[in-house]
C-alpha cells in the first residue's frame, strides 16, 4: 500500500481501478472531466474508456456493459444527468448484473455551469442509493462501496461529487485491484431485461422492496456514522459539508451520512434522541432536513443556512444561532478575515487568436437575434462583441432558433434568427435540432463554431477530432455531410478569421427564405499550441485611432493614453484586427 496526494477526481479513477471496473464512459463537463482522463491516462491497460457523444449515450453504453456482467462507471456533471435521466429511471427498474456507478459532479456556486442542481433529488426520484464522499480517500473507497451495493442489490448507484471534492487534494491510500473473475457475457432473459408492461409491473414492486432493504442497510452502513462529542448540539451532515462542520465545530456531536439516501431513519432517530438541539448542514437543497422534519424531529437547517451557492467555514461561523456552540480558534480571526481586500476582477474573454471572435464580429454587422449555446463561444455575450441573446442548454441554440422563427411566421417583418453551437455541442445534441428545422421547413440560419475540439472543458476529443479518448486514430465526422443528410440544401464552410467573407455569407443566409447551415471552421490555437502567425503591431503614424479594432474584444489590443497598441506577449497573430483595420495600420 502506498499513499498519494490525489484530487477527488483522480481518487475516483483510482477507485474504479481498485474496484475492478473494466468499462468507463462519459461526456466532459467541469467538475467531472478529469475522472475519465485519469482512467485513460493511467489505467487504460485494464479499463476501456471513451468520450461518448453525450451523457445519455454514455449511460446506455455503460448499462449494456453492466448487463453483460462488467463493472462500469459513467461520469458527467449535474446537468449531464438531465440528459441521461431517461435511461436512469428505467435502469432503476430493470436493475443491473455487474456493478453500475454513475459519478455525477454537482457545481454549487455555479463556477462553470448554467445552473445549480442537487443530484440527491434524482436518487430519490429514481429510488436508488446515492453516496457522497467528503474527501479524496472517501471518493476512492466510495466507488468500491458503490460497486458492492450495486451488485448486492442489483441497482445503479449515484456517487455525488461536488466541485470542492472533485478538485481538492488529500491523501489517498492505494491498494490492489480487485478482479471479479466473472466471464463477461450477456445471458438472454427477456423478462429480466425488457420492461414492457407485463414484465415491467413486477419490476416496479421490486424497486419498492429494494428501497426498504436499503433503508435498513443504511442504519448499519459503515459510511453512515455517529461521532459522539458535546451532546448539547448535534449536526447531521454529508459530503464536503462534513469537513466544514469538523473544522469549525470539532467538539460537537455529528451524524455523518456517507449514504444520505435511502434515509437511515433508525440511525437518524438514535442520533436525534442523544443530543439537545439538532442542526442540519447540507449543501444546496434541504434534502435531509425535509425528511428529518417529516420524522417528527425538530431541527434547524435552511432557516439559518443558505440553499444557494457553496458552504464554507466562514458561512457557518457567521450564523448567530451557532454562537453558543463550541468552535475552533477560527472565530477569533473572523474580523480580520473580513477586512481582507477583494481580488481584482478578471472578466472572462475569448482567448487571443480564438476563431470564434471573427464570426461574432461578423454577426455584429447584422440585425439578428442570436440563440446561443454552451461552450467557449458563450463568451460572445460580453462587450464589445455582445452578440448572443439566449442560452438554455446544450443543443438548445439550434432548437430555440427554430422555435422563435416559427413563432413569428405570421408577423409582417419577422426578426432574422441565427442559432450558434460548437462542434462538440452539435455532436452532443444539435443534430436532432437540425433535423427539426429541415423536416418542419424552418428558415433560420445555424452556425456551427467548429474549432475541432471540445475546448471549454480542456480540449477533449469528440467525433469530429479524429482521435478517441484512448489515443487511437479514428474517422472525423463531417458536419457538412451531416447537414446535407438532415436535408439542408444550403451548407457552407467559412474561415471565421476571414471576416469580410464570413459577413457576406451570413448576410446571404439571413436574407434567404430557406434554412442555412454555416460551418465556421478554424482550429483552436490553444489546443494546437501553435500560433496562427507572428505577433502583429500597430504603425502609429498610420493609425486613425478609430478604435474599430477594439470592437473585436481581443485582450492583445490595448488603448493606452489615447494610443492603440498590440501587446506582443498576448498577440496570437491571427490577423483578424488587420483584416478589419480601415487604415491598414496593423501589420
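Restricting attention to region 549-587, report how many residues are more than 34 Å from the chain's Cα centre (by Cα), free of Cβ contacts under 8 Å to residues at least 40 places away in the same chain and surrounded by fewer than 14 Cβ atoms within 10 Å (Cβ to Cβ).
7
Does residue 239 satisfy being within 24 Å of residue 299 (Cα to Cα), out of contact with any strand residue (DSSP E or B) (no Cβ under 6 Å at 6 or more places or on another chain) and crowded, with 21+ Cβ neighbours inside 10 Å?
yes
Could you run through region 189-221 and say how many residues are assigned to a loop (DSSP other than H, G, I, E, B) and touching a residue at least 40 places away in the same chain (Cβ under 8 Å)?
Residues flagged as assigned to a loop (DSSP other than H, G, I, E, B) and touching a residue at least 40 places away in the same chain (Cβ under 8 Å) within region 189-221 amount to 2.
So for region 76-88 (the condition being assigned by TED's automatic domain parsing to the domain that holds residue 144, touching a residue at least 40 places away in the same chain (Cβ under 8 Å) and in a loop (DSSP other than H, G, I, E, B)), does at least one residue qualify?
Checked against the condition, which is being assigned by TED's automatic domain parsing to the domain that holds residue 144, touching a residue at least 40 places away in the same chain (Cβ under 8 Å) and in a loop (DSSP other than H, G, I, E, B), region 76-88 yields no hits at all.
Of the conditions (1) in contact (Cβ under 8 Å) with a residue 60 or more places away in the chain; (2) closer than 30 Å to residue 42 by Cβ; (3) out of contact with any helix residue (DSSP H, G or I) (no Cβ under 7 Å at 6 or more places or on another chain), residue 476 satisfies every one except a single condition; which number is it?
(1)
Would you tally the residues in region 363-388 being in a loop (DSSP other than H, G, I, E, B) and more than 22 Å from residue 577 (Cβ to Cβ)?
5
One line per residue, one yes/no per condition, for (1) farther than 19 Å from residue 127 by Cα; (2) under 20 Å from the mean Cα position of the chain (by Cα); (3) in the same structural domain as residue 199 (by TED's automatic domain parsing); (4) crowded, with 24+ Cβ neighbours inside 10 Å:
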| site | (1), (2), (3), (4) |
| --- | --- |
| 7 | yes, yes, yes, no |
| 26 | yes, yes, yes, yes |
| 32 | yes, yes, yes, yes |
| 36 | yes, yes, yes, yes |
| 46 | yes, no, yes, no |
| 71 | yes, no, yes, yes |
| 95 | no, no, yes, no |
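Evaluate the following for residue 360: is it closer than 15 Å to residue 510 by Cβ, assigned to a helix (DSSP H, G or I), assigned by TED's automatic domain parsing to the domain that holds residue 460 and out of contact with any strand residue (DSSP E or B) (no Cβ under 7 Å at 6 or more places or on another chain)?
So residue 360 fits the description; yes.
Somewhere in region 395-414, is a residue under 20 Å from the mean Cα position of the chain (by Cα) and surrounded by fewer than 24 Cβ atoms within 10 Å (Cβ to Cβ)?
Scanning region 395-414 turns up at least one residue that is under 20 Å from the mean Cα position of the chain (by Cα) and surrounded by fewer than 24 Cβ atoms within 10 Å (Cβ to Cβ).
In the set 447, 431, 437, which member is in a strand (DSSP E or B) and either closer than 22 Å to residue 80 by Cα or in the same structural domain as residue 368 (by TED's automatic domain parsing) (or both)?
Just one listed residue meets the conditions, 447.
Would you tally the residues in region 11-31 being out of contact with any strand residue (DSSP E or B) (no Cβ under 8 Å at 6 or more places or on another chain), touching a residue at least 60 places away in the same chain (Cβ under 8 Å) and assigned to a helix (DSSP H, G or I)?
Residues in region 11-31 being out of contact with any strand residue (DSSP E or B) (no Cβ under 8 Å at 6 or more places or on another chain), touching a residue at least 60 places away in the same chain (Cβ under 8 Å) and assigned to a helix (DSSP H, G or I): 2 in total.
What's the number of the condition residue 1 fails, among (1) surrounded by 23 or more Cβ atoms within 10 Å (Cβ to Cβ); (2) at pLDDT below 95?
Against the list (1) surrounded by 23 or more Cβ atoms within 10 Å (Cβ to Cβ); (2) at pLDDT below 95, residue 1 comes up short only on (1).
The values are calculated or read from the model by the stated rules, or taken from the named source; none is laboratory data. Quantities reported herein were computed from a predicted structural model and do not represent experimental measurements. Here the Cβ is made from the backbone with ideal geometry for all residues, glycine too, and neighbour counts use every protein chain on show.
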